[in-house]
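K.L.:
First the structure, which I've put down as structure tokens, then a few questions once you've had a look.
A short reminder: the numbers here are calculations on the coordinates, not readings from a lab. Owing to the predicted nature of the structure, the values given are computational and were not obtained by experimental measurement. Cβ placement follows ideal geometry from the backbone for every residue including glycine, while neighbour counts extend to all protein chains displayed.
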Amino acid sequence: MPKIELITEIYSTLETCFDLSRSIDLHKISTAHTNEQAIEGRTNGLINLNETVTWQATHFGIRQKLTSKITAFDRPNYFTDEQIQGIFKSIIHEHKFEKVADKVIMKDIFEFHSPFGLVGKLFNRLVLTNYLKKLLLDRNQIIKAFAETEKWKEVLPNE
């Protein structure tokens, strides 16, 4: 099962980084290029423990749906979302946050298992792992841009 691990340093608060990472509204902004929309479950605001969201998006020219559920939650340190329905055999995405001096270390651990046996494994190696890594890197840069400026106020409720 392929695993993508990313570290992003953000000059902000733990709470802001954590909440931006679980914001449905910010996720829509970060995936606008795939026309990703939340169509069922939690469709805006902040997703919480045991809540689900169904995303519809176009990847590789194919419109598809993926439903994920928040299965672990410890604000502002950690949460996990897992695919419960979709094209993948499984997706588990851990989000970890740690304050170190004046910055937040945001760590993503993204594991996925593709369908289609040997063909799926080959597709992972040649295309999919890099594609998903780029999506996550782009998303993290948007989280960073919002967290390090006043833009976070556009998507997070007043604290």
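K.L.:
When the residues of segment 116-159 are filtered to those that are of a type in the set (A, V, I, L, M, F, W, C), touching a helix residue (DSSP H, G or I) at 6+ places or on another chain (Cβ under 7 Å) and assigned to a helix (DSSP H, G or I), which remaining residue is nearest to Val104 (Cα to Cα)?
P.N.:
The residue in question is Ala147.
K.L.:
So which of Ile92, Ile105 ends up being over 14 Å from the mean Cα position of the chain (by Cα), assigned to a strand (DSSP E or B) and touching a residue at least 12 places away in the same chain (Cβ under 8 Å)?
P.N.:
None of the others qualify; the one that does is Ile105.
K.L.:
For segment 115-152, which residues satisfy the criterion of being among the basic types (Lys, Arg) and either more than 24 Å from Phe79 (Cβ to Cβ) or surrounded by 12 or more Cβ atoms within 10 Å (Cβ to Cβ) (or both)?
P.N.:
Lys121, Arg125, Lys133, Arg139, Lys144, Lys151
K.L.:
Which residue out of Gln56, Gln64 is over 16 Å from the mean Cα position of the chain (by Cα) and either polar (S, T, N, Q) or assigned to a helix (DSSP H, G or I) (or both)?
P.N.:
The match here is Gln64.
K.L.:
From the set of residues in segment 66-89 that are loosely packed, with under 14 Cβ neighbours inside 10 Å and either in contact with a helix residue (DSSP H, G or I) (Cβ under 6 Å, 6 or more places away or on another chain) or touching a residue at least 24 places away in the same chain (Cβ under 8 Å) (or both), which is nearest to Met1 (Cα to Cα)?
P.N.:
Lys89
K.L.:
State whether the residues of segment 107-114 include one that is touching a Pro at 6+ places or on another chain (Cβ under 8 Å), surrounded by 15 or more Cβ atoms within 10 Å (Cβ to Cβ), among the hydrophobic types (A, V, I, L, M, F, W, C) and farther than 26 Å from Thr149 by Cβ.
P.N.:
Yes, that holds for at least one residue.
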